[in-house]
Each structure stands twice: as structure tokens, then as C-alpha cells.
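First up is the structure itself, then whatever we jot down about it.
The values are calculated or read from the model by the stated rules, or taken from the named source; none is laboratory data. Small disclaimer: the values here were computed from a predicted structure and weren't measured. Cβ placement follows ideal geometry from the backbone for every residue including glycine, while neighbour counts extend to all protein chains displayed.
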Amino acid sequence: AGHRGVRDSLGGMLDAAERLGIEVVPTFATSTEPSATIARAAYDEIRDRLLAGIRAAGEIDALCLALHGAGVAEGIDDLEGTLLGEVRAVVGPDLPVVVTLDLHGNQTPAMVEHASILLNCHLYPHTDMYERGIEAVELAQQIVEGSLKPTM
């Protein structure tokens, strides 16, 4: 909960979940400054920690992820699409997976295939990431309740 009260995507997700009475089962958060290709070992560690956290959470109703959208790792040109495919393999085809992305993030075919909803921020500087986090949780709740059936 290190993002509670922070005006970023994760902070918005946490605040929205609290306001809506949704139990949050956090995995972990990591970040870096945009730069060169990510070392494959670093990607593998992040992927493994995320997937282990999802498995450890047990039965969940939805998953919200704050990703960038333009990551590249050694041997992986579409980092987020690959990661979302691995997440989807764990959670199954029907669980809502709502993803926030950076303004500069791409929406690749693999990302579209494996996510239920992709939400890029709209502003530069990125002053609306918090609002995208709130939106992600609200949309995930609507999918769970059956009032929203997204198609991409």
C-alpha cells in the first residue's frame, strides 16, 4: 500500500477500491526511468513475482494492472503484450483484466488480445494517471457486476 495517497495509477486504483468497498490484494510495484532495453533476467524476475502474487491471491474477481506500454526486454519486443499473455494464462479467459498505460504506451495486438480494457493517460505532463487508476477500478467493477461487456 505504498501508493496509498499518491496521485499515480496505483494510488487511484487503491482510492477507488476503498471508496467502492472492494478488497484489494496487492502483489508488488516496481518502476524505472525509461531508457534502454530491459535485461531479460530483470523481466523474468518481475514476471515471476507478479504471477506468484496473482496465484497466491487465490480466487479474485478482477485484476487491475498499471503498466507502461512501451517496454522492451532482451528477446521480447512487446513486453506488456507478452506479460499480459502470461497473466491471462494464469487467470483464465474470463477474468476482467483492466490495464492503465502511459501516454506513450502502445496498444499492440497481443495487449488487445489479453486485456479486457486498456486505458492510456491523456495528458502530458502525465497529470491524469490517478484518474485512469480510478477509471480502471470502476470499469473492472462494472464488468464484474455485468453492466459492462467490453469488446476490443
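Numbers for the structure displayed
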{"item": "Test: residue in region 125-142 that is closer than 11 Å to ALA66 by Cα, without any contact (Cβ under 8 Å) to a residue 40 or more places away in the chain and either among the aliphatic types (A, V, I, L, M) or part of a helix (DSSP H, G or I) (or both)", "result": "no"}
{"item": "Matching residues, region 16-38, being of a type in the set (D, E, K, R) and under 24 Å from ARG55 (Cα atoms)", "result": "GLU18, GLU23"}
{"item": "Every residue from region 64-82 that is under 17 Å from LEU50 (Cα atoms) and either at pLDDT below 95 or out of contact with any helix residue (DSSP H, G or I) (no Cβ under 6 Å at 6 or more places or on another chain) (or both)", "result": "LEU65, HIS68, GLY69, GLY71, LEU79, THR82"}
